[in-house]
Amino acid sequence: MSRFSAITDNPHQRGFSQKTGILITNLGSPDAPTTSAVRRYLREFLSDPRVVEIPRLLWLIILHGIILRIRPAKSAKNYQKIWTEQGAPLITITQAQQQKLQQHLIRLGHQDVIVEMAMRYGNPSIESGLTKLREQGVTKIVVLPLYPQYSGATTGSTFDAVSRVLRSWRWVPELHFINGYHQQPDYIEALANSIAEDLTANGTPDKLVFSYHGTPKQFLNWGDPYYCFCMQTTRLVSERLQLPEGLAVSTFQSRFGKAEWLQPYTDVTLTEFAKQGIDNVAILSPAFSADCLETLEELEEENRETFMHAGGKHYRYIKALNDREDHIAALAKLVIPYLSNKA
Ligand SMILES: C=CC1=C(C)c2cc3[nH]c(cc4nc(cc5[nH]c(cc1n2)c(C)c5CCC(=O)O)C(CCC(=O)O)=C4C)c(C)c3C=C
Ligand SMILES: [Fe+2]
Ligand SMILES: [Fe+2]
């Protein structure tokens with residue numbers, strides 16, 4: 001038995017295959033909104049050294065001794081609030097993105113392209129996604145993590161997972177890894193469209209808050225470009241929409257643990273706004289390509305409550321780009337350069 005895996009039927013015929021596989025990925029959700037499933041998911045997620053970079057032994061003691069005993073029950077309650085009949089929103093929306101991207105590429109004449117989806121933590125795993133592509137005979141794979149703004153914690157970690165799988169394959173495919181698209185014109189356009197639709201329907205708020213998922217501040221000091229890429233996305237969308245000076249602000253949400261995270265914090269900013277009489281805000285989260293726990297529970301519910309409680313009057317959440325046509329078209333533009341066959 002060899003340590004390297006392969007599909008053994010017709011390997012020579014596969015050598016002439018023109019099929020390209022596209023693997024879109026996102027972070028992942030637990031299999032169920034229960035304490036035990038959330039504990040399993042958080043164990044995998046929070047054991048990733050790309051996500052938590054404190055000395056290993058110390059972290060494992062904290063993780064297993066404290067966090068995995070307390071957080072799963074609390075998180076499971078939050079997941080129950082957003083769970084649908086089809087399952088976790090992040091997974092079902094990514095499935096819709098997969099299907100729509102597949103159809104979009106076929107409409108553009110790319111008949112030999114197969115789109116699959118996978119999650120970095122939980123299911124369907126990166127390994128299952130890559131294996132599905134291999135079983136369908138692809139010899140070239142484009143990996144597109146759906147994180148517009150690169151961070152080592154997300155995109156970097158996805159690269160680790162992909163390479164861990166591929167290093168066990170006998171026949172490593174031609175591989176393209178798209179490491180971000182925070183400034184891609186079509187992504188900026190899709191964000192601008194979704195904001196413009198909201199402003200037309202609901203009027204201009206006092207503040208338009210671009211709330212990005214945070215990271216520990218140390219990651220920035222250590223060279224992670226995520227913070228700068230978030231700022232760039234906000235600037236490009238503001239320029240595209242010609243927003244009045246001072247309307248757009250960038251903030252960071254989803255703090256975890258005691259260390260300092262990227263600032264300004266979303267919840268603190270919303271409280272300050274309300275106290276200053278800035279009582280009409282619209283909020284969006286451009287780092288999430290699909291609605292998930294962090295938007296549906298934290299932004300739509302928790303932060304709304306924070307703002308209203310502090311005296312705010314009007315709070316509205318602008319949905320993630322999800323499976324909007326202009327979003328799917330932007331994703332297609334990202335992969336198309338890699339679809340042409342070798343001469
Ligand atoms: C502990 C450190 C964390 C870092 C660093 C981090 C970075 C980061 N995460 C996303 C995207 C998502 N995170 C989501 C959930 C989530 N994130 C953390 C922690 C860190 N994230 C936790 C513990 C959780 C789980 C939920 C909870 O217990 O509160 C999600 C949603 C998942 C879902 O099922 O809906 C996404 C998406 C980005 C983009 C990012 C840094 C750039
Ligand atoms: Fe996160
Ligand atoms: Fe959160």
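Would region 38-53 turn up any residue that is closer than 23 Å to LEU321 by Cβ and outside the structural domain of TRP261 (by TED's automatic domain parsing)?
Quick first cut of region 38-53, residues closer than 23 Å to LEU321 by Cβ only: none.
Scanning region 38-53, I find no residue that is closer than 23 Å to LEU321 by Cβ and outside the structural domain of TRP261 (by TED's automatic domain parsing), so the answer is no.
Kindly indicate whether any position in region 313-332 is at pLDDT below 95, surrounded by 21 or more Cβ atoms within 10 Å (Cβ to Cβ), within 16 Å of ligand 2 (Cβ to nearest atom) and not polar (S, T, N, Q). Walk me through it before giving the result.
Residues of region 313-332 at pLDDT below 95: none.
Taking every residue of region 313-332 in turn, none turns out to be at pLDDT below 95, surrounded by 21 or more Cβ atoms within 10 Å (Cβ to Cβ), within 16 Å of ligand 2 (Cβ to nearest atom) and not polar (S, T, N, Q).
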*Determine, yes or no, whether THR266 is without any contact (Cβ under 8 Å) to a residue 40 or more places away in the chain, within 14 Å of ligand 2 (Cβ to nearest atom) and surrounded by 21 or more Cβ atoms within 10 Å (Cβ to Cβ).*
no
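So in region 150-161, with the set limited to residues that are part of a helix (DSSP H, G or I) and small (Gly, Ala, Ser), which one is nearest to ligand 1 (Cβ to nearest atom)? Can you show your working first?
First pass over region 150-161, keeping only residues part of a helix (DSSP H, G or I): 152-161.
This time we only want the ones that are small (Gly, Ala, Ser), so: 152-153, 156-157, 161.
On the way: GLY152: 9, ALA153: 4, GLY156: 10, SER157: 9, ALA161: 15 Å.
The residue in question is ALA153.
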*asked:* With crowded, with 19+ Cβ neighbours inside 10 Å and within 13 Å of ligand 2 (Cβ to nearest atom) as the only criterion, which of PHE252, PHE273 stands out?
replied: PHE252
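Check GLY180, GLY156 and return the single one that is outside the structural domain of ARG50 (by TED's automatic domain parsing), on the phi > 0 side of the Ramachandran plot and at pLDDT 95 or above.
Working: GLY156 fails: on the phi > 0 side of the Ramachandran plot.
Going through GLY180, GLY156 in turn, just one is outside the structural domain of ARG50 (by TED's automatic domain parsing), on the phi > 0 side of the Ramachandran plot and at pLDDT 95 or above: GLY180.
Listed residues SER250, SER211, SER254; which is under 30 Å from PRO49 (Cβ atoms) and touching a His at 6+ places or on another chain (Cβ under 9 Å)? Talk me through it step by step, then tell me what you get.
Values: SER250 fails: touching a His at 6+ places or on another chain (Cβ under 9 Å); SER211 fails: touching a His at 6+ places or on another chain (Cβ under 9 Å).
The match here is SER254.
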*Could you run through region 62-112 and say how many residues are away from ligand 3 (no atom under 16 Å from the Cβ) and surrounded by 11 or more Cβ atoms within 10 Å (Cβ to Cβ)?*
26
*Just for helices (runs of 4 or more DSSP H) wholly inside region 53-149: which have at least 1 residues that are in contact (Cβ under 8 Å) with a residue 40 or more places away in the chain?*
68-82, 89-107, 126-135
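Is it the case, given these coordinates, that SER254 is modelled with pLDDT under 95 and touching a helix residue (DSSP H, G or I) at 6+ places or on another chain (Cβ under 8 Å)? Write out each step before concluding.
Numbers: modelled with pLDDT under 95: yes; touching a helix residue (DSSP H, G or I) at 6+ places or on another chain (Cβ under 8 Å): yes.
Considered against the rule, which asks whether it is modelled with pLDDT under 95 and touching a helix residue (DSSP H, G or I) at 6+ places or on another chain (Cβ under 8 Å), SER254 comes out as yes.
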*asked:* Quick check on GLY312: is it without any contact (Cβ under 8 Å) to a residue 60 or more places away in the chain, in the same structural domain as PRO216 (by TED's automatic domain parsing) and at positive phi?
replied: no
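The values are calculated or read from the model by the stated rules, or taken from the named source; none is laboratory data. Here the structure is a predicted model, which is why all the values come from computation and not from measurement. We place every Cβ from the backbone using ideal geometry, glycine too, and count neighbours over all the protein chains shown.
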